[in-house]
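The values are calculated or read from the model by the stated rules, or taken from the named source; none is laboratory data. Please read all numbers here as calculations on a predicted model, not as lab measurements. Note that we place each Cβ from the backbone using ideal geometry, even for glycine, and neighbour counts take in every protein chain shown. Remember, those area values only see protein heavy atoms, side chains included, never the ligands or the DNA or RNA. Shrake-Rupley method; radii C 1.70, N 1.55, O 1.52, S 1.80 Å.
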Amino acid sequence: MSDELLKVTNLVKNFELRVNNGARRKKRIVQAVTNVSFSVEKGQTLGLVGESGSGKTTVGRCILRLIEPTSGSVEFEGHDLGSLKFEEMRALRRKMQIVFQDPFASLDPKMTIGASISEPMVVQGVPGDHSDKVIELLELVGLSADHAQRFPHEFSGGQRQRIGVARALALNPALIVLDEPVSALDVSIQAGVVNLFEDLQSRLGMSYIFIAHDLSVVQHIADRVAVMYLGKIVEIGDQEAVYATPTHPYTKALLSAVPLPDPKTERARNRIMLEGDVPSPVNPPSGCRFRTRCWKAQDVCGQEEPMLTVRPSGQMSACHFPES
Amino acid sequence: MSEKVLEIRDLHVTFDTPSGPLEAVRGVDLDVSAGELLGVVGESGSGKSVSFLAAMGLLPARARVTGSVSLAGEQLIGASAKQMRSIRGRLLSMIFQDPLSALNPVHRIGDQISEMLRSHQDLSGREAEKRAIELLDIVGIPQPGDRARQYPHEFSGGMRQRVVIAIAIANNPKVLIADEPTTALDVTVQAQILEVIERVQERFGTAVVLITHDLGVIARVADRVNVMYAGRNVEQGTIESLFDHPSHPYTRGLLASLPRPGKQRLKPITGFPPNMLNPPSGCAFHTRCEFAADICKGEMPALVGFGDLQTACVRARDLPKNEIFL
């Protein structure tokens, strides 16, 4: 596709875990992300959803090379990021930014807001005085010019998240990874920040990877959705298709577990109750990783790993017995 | 309505802070009926947790608590530490967001449940152990006999929350207060825990107070709802009425700000929650309310009947009909 911005192919990230087990030292491998592939088009939003331990944050960080992937490739505007030298990567980083979940931890308490927002420009060697740009950015995210002289503790969670967004925008990025950007915010504040993301995208045309566990927010903001379970994508496709006709049993169960703020539909719903917890990524189940909690699992699910396959409603899912 | 088990009247909680007194709860009235599931919603700082910590007698000494909390006829505000010890766990139990910090890491799960049983009931060690295993079974822990001999670190987050529920219901309390019990959990595990809470409520007739910020969770399990804002109860009613035709502008604002399928644009509540060191006069929501008038800045509105709801908004009758949802 011509307007493809980011292409991730067979991304793998294993973390090594040293376990002290009495006298014996064991090395264990945590398979955080296994063979994840997807692409993001210009101006689009990809929602990355999954429960804790599904690897969604690790994917986000591997894309920015904040952590080195074990294998696989990440292509950004046609450059294979893995083959770039440090300096080349640094230059490309201007175009890829990240906003973190915790707006309290992601701002330096001793730096003014203005200094925090201009820091990316200083680091990247953007010449000149940045104060006009800082004011422009503050106004862009719904804050005012006089906020530049203040410190993080003077702001609420929602305002801090806007500051984080302003900093991410400082270098006019083409891609922003939003890692749980509204989960720490109160409901009434969330809506304003979600609207801000939409407005910025329609004005500036950047792409988002929106990582979240809140499926309602992702449904609202994403064009495409990838559902992850235990390090793998189990279903990926257009938001409408995935939400209206989920084909992977996990997607279906996940959607049915999200409580909707409407008592009538909520109580009339047929709910799929999954048993147990997500297994450990140190020793994931063979074959389909979801089979230990799946009500449709057969012998074949333990022997053969299902591949992502196109379904009638357009999305792809990895299941031997897909929902129709 | 059935018998009231917990009655809170004119509850005030004030903390002395370096910047002056902070009144976190400013006159809350609230009833819990036997066997019902009452949802209490509000954003951070609305006073929802503090109200119930005050009822449990769990606030630090620097908190000044006034008003009345009566549980099955016993007055809890001003009760001695000894009286409260006898009430907590027997008549009134509370569970929290983080189950790990509620469990003792160096004691076996079964022993921790037994301890709770034996501190309120005259049971032998063996009887308590047997009952502990039954409780683990009730909250849906597989192989309860083996699991009772394990330690908290051997349990997952969802399983730990089940253990905490087992401890909380061990003495069949009249009221179980659950403060954000599923906030730290994944949605599929959240669904399991909500089911356990509902099961306990049905099986033992326990009244449950579910404190949460998630209106979806409320919609799923609650019978009635109380909406709190800036230390006040601003609206209450049955779940159907409150979601169908909310009357208070804050409740309306909350519902309008939620993403829903097919909704094009979210409608946030403007502004920020108030600084409770210096809350706005009158109705504390007037600074963020699109319907605010001069009258709202005057007196703090009390809850009054409005249709089948009770609402603390003097302008409730003058507000336009809701067309907020899409």
- prompt: Mind checking the angle between helix A:157-169 and chain A's longest principal axis? C-alpha axes, 0 to 90 degrees, to the nearest 10.
  reply: 80
query: Just by accessible area at a 1.4 angstrom probe, what is the order of A:307, B:228 from largest to smallest?
result: A:307, B:228
message: If I fit a long axis through the Cα atoms of helix B:125-138 and take the longest principal axis of the Cα atoms of chain B, what angle between them do I get, 0 to 90°, rounded to 10?
response: 50
- request: Work through the residues other than residue B:307 whose Cβ is under 13 Å from its Cβ and net out their charges, Lys, Arg +1 and Asp, Glu -1.
  value: -2
task: Could you check which residue among A:14, A:283, A:172 shows the biggest mean-square fluctuation in a GNM of chain A with a 10 Å Cα cutoff?
output: A:283
message: If you filter the range A:262-324 for GluC sites (Glu not before Pro), then keep DSSP loop positions with at most 13 other Cβ within 10 Å, what is left?
response: A:275, A:304
query: List the aspartates and glutamates whose alpha-carbon lies under 15 Å from that of residue B:267, not counting same-chain residues fewer than 8 positions away?
result: A:186, A:198, A:199, B:290, B:323
- prompt: How large is the helix-only mean residue ellipticity at 222 nm for chain A, computed as the sum of -39500 (n - 2.57) over DSSP H runs with n ≥ 4, divided by its residue count, in deg cm²/dmol to the nearest 500?
  reply: -9000 deg cm²/dmol
C-alpha long axis of helix B:109-120 to longest principal axis of chain B, angle in °: 80
query: Under 20 Å from the Cα of residue B:130, which aspartates and glutamates turn up, not counting those fewer than eight places away in the same chain?
result: B:111, B:115, B:122, B:146
statement: the range A:254-283 and the range B:254-296 have their Cα centres apart by a whole-number Å value of 30
Cα Rg, Dmax, the protein assembly as shown, angstrom units: 26.1, 79
field: Among B:202, B:299, B:36, residue whose mean-square fluctuation peaks in a GNM of chain B (springs only between Cα atoms under 10 Å)
entry: B:299
- prompt: Comparing the chain by itself with all protein chains present, which residues of the range A:204-221 are at least 10 Å² less accessible (probe 1.4 Å)?
  reply: A:213, A:216, A:217, A:219, A:220
message: Give me the extension gain from residue A:126 to residue A:110: residue separation times 0.36 nm, minus the current Cα-Cα distance, reported in nm with one decimal.
response: 3.5 nm
task: Rounded to whole Hz and in sequence order, give me ³J(HN,Hα) for the range A:117-128 from the Karplus expression 6.51 cos²θ - 1.76 cosθ + 1.60, θ = phi - 60°, writing x for Gly and Pro.
output: 6, 8, 4, x, 5, 5, 4, 7, x, 5, x, x
Longest segment of chain B lacking trypsin sites (Lys or Arg not before Pro) that sit in a DSSP loop with at most 13 other Cβ atoms within 10 Å: B:150-264
- prompt: For the pair residue A:252 and residue B:77, how long in nm is the line joining their label points, each one 7 Å along Cα→Cβ?
  reply: 5.3
message: Going Cα to Cα from residue A:42, which lysines come in below 19 Å? Please leave out same-chain ones fewer than 8 positions away.
response: A:7, A:95
field: Separation in nanometres of the label points that stand 7 Å from Cα toward Cβ, at residue A:295 and residue B:62
entry: 5.2
query: the range A:270-288: which residues show an accessible-area loss of 10 Å² or more, assembly versus chain alone, 1.4 Å probe?
result: A:271, A:273, A:274, A:276, A:277
field: Rough spin-label spacing in nm, given labels placed 7 Å along Cα→Cβ, for residue B:106 and residue B:299
entry: 5.8
task: For chain B, calculate the relative contact order in percent as a whole number, restricting contacts to Cα pairs under 8 Å that are 6 or more residues apart.
output: 20
- prompt: Given a 1.4 Å probe and every protein chain left where it sits, what share in percent of the accessible area of the range A:228-324 is carbon and sulfur?
  reply: 52
message: So with the 1.4 Å probe, I'd like the accessible area per residue for the range B:210-280, rounded to whole Å².
response: 30
- line: Listed by chain and number, the residues whose amide H is under 5 Å from that of residue B:27, excluding neighbours fewer than 5 places away on the same chain and using placed H, are B:11, B:12, B:13
Accessible carbon and sulfur surface of the range B:118-209 relative to its total accessible area, %, 1.4 Å: 42
message: Calculate the FRET efficiency for residue A:28 and residue B:115 from the Cβ-Cβ distance with a Förster distance of 30 Å, rounded to the nearest 0.05.
response: 0.25
query: Where only protein heavy atoms count, and the probe is 1.4 Å, what is the accessible area per residue for the range A:174-243 in Å²?
result: 24
message: Excluding ligands, DNA and RNA, what is the accessible area buried between chains A and B, summed over both sides, using a 1.4 Å probe, to the nearest 100 Å²?
response: 3300
- prompt: Around residue B:219, what is the net charge, scoring Lys/Arg as +1 and Asp/Glu as -1 over all other residues with Cβ under 14 Å from its Cβ?
  reply: 0
task: Between beta-carbons, use under 11 Å as the cut-off and find the net charge around residue A:5, counting Lys and Arg +1, Asp and Glu -1.
output: -2
query: Which of the trypsin sites (Lys or Arg not before Pro) found in the range A:19-121 are loop residues per DSSP with 12 or fewer other Cβ atoms within 10 Å of their Cβ?
result: A:85, A:110
- prompt: Using a 1.4 Å probe, how large is the accessible area of residue B:80, given in Å² and rounded to the nearest 10?
  reply: 50
- prompt: From the cross-link list A:252/B:48; A:56/A:85; A:56/B:48; A:232/A:252; A:56/A:296; A:85/A:110, which pairs have alpha carbons spaced over 28 Å apart?
  reply: A:252/B:48; A:56/B:48; A:85/A:110
- prompt: Given the protein chains as shown and a 1.4 Å probe, how many square angstrom of residue A:153 are accessible, to the nearest 10?
  reply: 140
task: Calculate, for residue B:123 and residue B:199, the FRET efficiency according to 1/(1 + (r/R0)^6) with r their C-beta to C-beta distance and R0 25 Å; round to the nearest 0.05.
output: 0.60
statement: Residues hit by the 30 Å² burial cutoff in the range A:231-259, accessible area with a 1.4 Å probe, assembly against chain on its own, are A:257, A:259
- prompt: Within the accessible area of the range B:7-50, what % is carbon and sulfur when the probe is 1.4 Å and the other protein chains stay in place?
  reply: 52
task: Hey, can you find the accessible area per residue of the range B:1-99 for me, probe 1.4 Å, expressed in square angstrom?
output: 42
